[in-house]
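Report on the structure given below.
The values are calculated or read from the model by the stated rules, or taken from the named source; none is laboratory data. Values in this document were obtained by computation on a predicted structure and should not be read as measured data. In this analysis, Cβ positions are derived from the backbone assuming ideal geometry, glycine residues included, and neighbour counts consider all displayed protein chains.
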Amino acid sequence: MLTYDEHKIKASIAAAQLAGRLIAAPATVPWAGTPRMFLMCDPLVKEIEEGKSDADEKIRNRWAKLVADIGHFVEGGYINDDLMKQLLPEKFEHWELRSRKPKPSIRVFRRFALPNVFIGTHSQPRTLLGGMWSSQFEHEKLVCEQHLKEAGIPETSCFTDNPHFRYEKYITENASRKIRILK
């Protein structure tokens, strides 16, 4: 079971940022507020930089869309399962950012360090992951844990809403697990 110690988590994040092991994703527009934080481990930073500098324009555009999806989260845009999904079983606290358009779809694996503070570890094209519960998908969850450990964020120092795992406790504003029409 994961524990939740906010002071310990903030100290781990600050130390990792100071050491350059976690990089904060900026807002995509300078005038936007940043009510949420998306921190990136080194592998994800490198994957995005490589994708944005690829010779193929389609690949560059694909990675630009992923950056825009991350910016949507950072800037406080409406979030639901279509963009950020908690993977099953919920007790392991694995999440994925699902950047689905244009094809090929990209998945960014991550964990919530605190409410509204997300740590993205690495990405994979969806086509390489197989079906849910496939060995490839399960392997990426383990890779996520390894990248967090390398960044100095121990598994035991991440946010949890155990035993309920309520979506709105992880993303506290402008979010719901399923798309809802407000009255």
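Here are some notes:
- Hey, D69 at pLDDT 95 or above and closer than 24 Å to K141 by Cβ or not: yes
- Counted residues, segment 92-106 - those being touching a Pro at 6+ places or on another chain (Cβ under 8 Å) and not in a loop (DSSP other than H, G, I, E, B): 1
- Answer from F118, F165 - the residue that is surrounded by 20 or more Cβ atoms within 10 Å (Cβ to Cβ) and at pLDDT 90 or above: F118
- Flag for A14 being more than 13 Å from the chain's Cα centre (by Cα), exposed (fewer than 15 other Cβ atoms within 10 Å of the Cβ) and assigned to a loop (DSSP other than H, G, I, E, B): no
- Segment 107-136 - residue that is in a strand (DSSP E or B) and among the polar types (S, T, N, Q) and, of those, nearest to M37 (Cα to Cα): T121
- Pairs with Cβ under 7 Å, 6+ apart, first in segment 7-23 and among the basic types (K, R), second surrounded by fewer than 20 Cβ atoms within 10 Å (Cβ to Cβ) and outside any helix (DSSP H, G or I): R21/G152
- Selection count where residues are at positive phi and among the hydroxyl-bearing types (S, T, Y), scope segment 124-183: 0
- Near pairs, Cβ below 9 angstrom, 6+ apart or cross-chain, from segment 75-92 (at positive phi and touching a residue at least 24 places away in the same chain (Cβ under 8 Å)) to any residue that is among the basic types (K, R) and surrounded by 14 or more Cβ atoms within 10 Å (Cβ to Cβ): G76/R36
- R98 being of a type in the set (K, R) and buried (at least 20 other Cβ atoms within 10 Å of the Cβ): no
- Set side by side, the residues L44, L18, L66, L39 differ, and just one is touching a His at 6+ places or on another chain (Cβ under 8 Å) and of a type in the set (A, V, I, L, M), which is L44.
- Comparison of S134, S123 shows that the only residue that is exposed (fewer than 13 other Cβ atoms within 10 Å of the Cβ) and within 28 Å of R62 (Cα to Cα) is S134.
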